[in-house]
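The values are calculated or read from the model by the stated rules, or taken from the named source; none is laboratory data. Quick caveat, the model's predicted, so the values are computed rather than measured. Counting neighbours? That spans all protein chains shown, and the Cβs are built from the backbone with ideal geometry, glycine included. For accessibility, only protein heavy atoms count, side chains too; no ligands or nucleic acids. Shrake-Rupley method; radii C 1.70, N 1.55, O 1.52, S 1.80 Å.
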Amino acid sequence: MAALCEAFTLCGLGPTGGVGLGSGLLALEPGADPDHVLLTDRGRTATLFKVSDQKPLGCWSVKHGQIITCPVVCNFETHEYIAVHDNKVLRIWKDKDVNLDKVFKATLSAEVYRIHSLPHAEPLVLFRGGGVRTLDVLLEAPQQEIENVISDELKTIFFLSLCKYKLEQQELSNPLCFTAYIKKQIITLLCLYSSNSVYKVLIPLQQNSEEEEQTLSKSLLLNLSISGSVLKGTSFVVLDKDHVAVLGSLAASECLTIWNTKFQTLQASKELPLGTSGQLWCYGEKFFFTHGKVLTVVIYKCETSSLAAAVGKLKDSQTSDLSSFVNWNTLGDEELLVSCQSQQSVALKSESKMMVILKPMPCTSELHGISHFQDASTAAVEDELRQLLSKAQRPDFQAAIGCVISALINRCKADPMFYPRNFLVQMIQKRELSYSLCPDLMAVALEKKDVHLLQICLQRFPDIPEEITYACLKVFLSISDDYLERTDVDLESVISYIDIEPNNKEVKTEVVENGFSTELEEDGCDVTGMKETHMMDSVEFCPVGPQKAALLNAVLHSAYSETFLLPHLKDLPAQQAVLFLRYLHYLYVKCSEKINTTLPGVLSPTISQIMDWMCLLLDAHFTVMVMLPEAKRLLSSMHKFVRAQVRFYSELNKIEGSLQELQRIKCQKDSQAYSIEVLELI
């Protein structure tokens, strides 16, 4: 899970900002102290800030007529600052220095594009022609010749091995920015494209040939879609192996978002009504971005996406297995034009001293050649696809399956008689797909009222928009139980706690374990242990059949955002809302009959899911519920039941101290012989 926490202003950016950032922010880099950041404006000034105090610690400027042309960085080994002005003039200074005219100066032979500095590593100087030098080697001979590795003719390369790659080119889509990291001798390059998608490219450090260009296959990592709307990303950063943050615009406003790439879900978002420059930086669990005329800092929290983290068993000593990230900020318009049209690209310097050159290439995939499926029968299509998918998987196999399913869905729209249901069900059950990979699949299933396919999607897709979740709920509530009895529905989530007779009446005999009685009185609750109940009250039997109950359970399991779901729930017809609330009440009573408040079975809803949906439904329809005569008794019964629970837990709290004392005495004294002890409860 991830969350956006407090936000505050670090400094102003206008002429009255007081830190010389009136000409705009060029970049932001970390300082030697984790609480320090270096701000470089698009003019003459660099400023060191202490983030926690929101105050500048130092400010340095070059002379009038000179311009800082790349971000100022900190040398973490020497705690010195490195700047380049007028493309070729290198300056190095310390905190105590005030006048940059009196600090170290070196004039280089080639224009500098960027200086990369990471902890425990020598800074790297990247030149506009693609050449790379470590800072210490460059300072030994500042006027040394720098090779132009991304030109048509490659010169001799200084201590670096050159390996050229081709990168697939997206139709009508250009790369906006890149992020890369190294793990287990493999470079992982993440690319944000103008098609509002993030792609992953794996680059092995072991080079096969120094002359031949190698083809890089890329896979779709994330589609930036929120409740059917597309987030137009402008920049992004990687937070850990499962989370990325994207700054972009949604509809008419800009927003900052955190996404889980493992489960393809939006984790957190924050609207930015004053607009941004499109730049985003992340250091020390803090986001930095311009918002209006100020530089804003937002603190975030990000937990590892794992079952261990979910149940609280993740060890505190666990550390990330990824090396430091190398980030390229948003490409400017001119740089983007050069990068895409001239087939030039950035150069990545890895620990093994390999130069990576990326070039676009046409998109090719054997799974894209499915045009002959447009006329084949459903059975023929399913057979051929099974044979195709049984082959060895490619790195982009999952994204290719999404393309195949999308192509099949397009034919389903054009040809109502074509519907390869068996293949679609098999793919969803056996593959880790998501809604974003095949967004039209559930829409077609809704149109055909394929409740089984919808049930599987709700159980397995982690990123279903709230609009689609609501549409599924409405369809499930509108279909009659008689029709559902003839439909294939998975009953694993209900079979263990709903006993249905042929006449749909429930008869049960069980122990009321936690002291609650379903026949609640105004004055209290029955705490006896054994009782036989029959269908005499609406709480005593399930208000829907087992098939509909299983479908509703799938809805309860679907992830959602209350902000986006609540407006849709208000459109639910009143009679369907009452029926759904009756079922939720039934589940709530069922859970409360058990000591651990857990329903048996596979994928059964939890007490938290039930209560959250009850609150949502009451928020959306409270006025209607109060006015409807058939809902009055239900609301009254819910009120009595909850009040009885509050009373019961209140009584338990009164004796909590005595029970803890008994437990302590039992642990201290272990009587071997027979004895009678009298304990006084105070």
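Brief remarks follow.
- Under the Karplus curve 6.51 cos²θ - 1.76 cosθ + 1.60, θ = phi - 60°, whole-Hz ³J(HN,Hα) for the range 563-580, x wherever Gly or Pro sits: 4, 8, 7, 4, x, 6, 4, 5, 8, 5, x, 4, 5, 5, 5, 5, 4, 5
- Here the gap between residue 77 and residue 612, fully extended at 0.36 nm per residue and compared with their Cα-Cα distance, gives a gain of 187.4 nm.
- The residues of the range 168-305 present an accessible area of 41 Å² per residue when probed at 1.4 Å with all protein chains retained.
- Accessible surface ranking for 603, 295, 221, 1.4 angstrom probe, highest first: 603, 221, 295.
- Net length available on complete extension from residue 99 to residue 632 is 184.0 nm, with 0.36 nm assigned per residue and the Cα-Cα distance removed.
- Take the Cβ atoms of residue 169 and residue 602, set R0 to 51 Å, and the FRET efficiency comes out at 0.70.
- For residue 235, the residues whose modelled amide H falls within less than 5 Å of its own, excluding neighbours fewer than 5 places apart on the same chain, are 247.
- Electrostatic tally near residue 51: other residues with Cβ closer than 10 Å to its Cβ, Lys and Arg +1, Asp and Glu -1, net 0.
- Rolling a 1.4 angstrom probe over the range 31-140 with all protein chains present gives an accessible area of which 49% lies on carbon and sulfur atoms.
- Extension reserve of the residue 219-residue 570 stretch, reckoned as 0.36 nm per residue once the Cα distance is removed: 122.5 nm
- Residue 27 long-range amide H proximity, modeled H, under 5 Å: 40
- Cα-Cα over 18 Å, subset of 241/270; 164/262; 55/286; 590/640; 430/474: 241/270; 164/262; 430/474
- FRET efficiency, residue 86 to residue 271 (Cβ-Cβ, R0 35 Å, nearest 0.05): 0.30
- Per-residue HN-Hα couplings for the range 66-72 [Karplus 6.51, -1.76, 1.60; θ = phi - 60°; Hz; x = Gly/Pro]: 9, 9, 6, 9, 8, x, 6
- Amide H partners (placed H, <5 Å) of residue 572, local residues excluded: none
- Accessible surface for residue 59 stands near 80 Å², nearest 10, in the context of the full protein assembly shown (1.4 Å probe).
- The phi-based Karplus calculation (6.51 cos²θ - 1.76 cosθ + 1.60; θ = phi - 60°) puts the 3J(HN,Hα) values of the range 615-622 at 5, 4, 5, 5, 4, 6, 10, 4 Hz, whole numbers, x for Gly and Pro.
- The residues of the range 31-140 present an accessible area of 44 Å² per residue when probed at 1.4 Å with all protein chains retained.
- Using the Cβ-Cβ distance between residue 54 and residue 106 with R0 = 35 Å, the FRET efficiency computed as 1/(1 + (r/R0)^6) comes to roughly 0.55.
- With contacts taken as Cα pairs under 8 Å and at least 6 residues apart, the range 168-305 reaches a relative contact order of 14 percent.
- Judged by the mean number of other Cβ atoms found within 10 Å, the most tightly packed of the peptides 482-489, 463-470, 560-567 leads the ranking 463-470, 560-567, 482-489.
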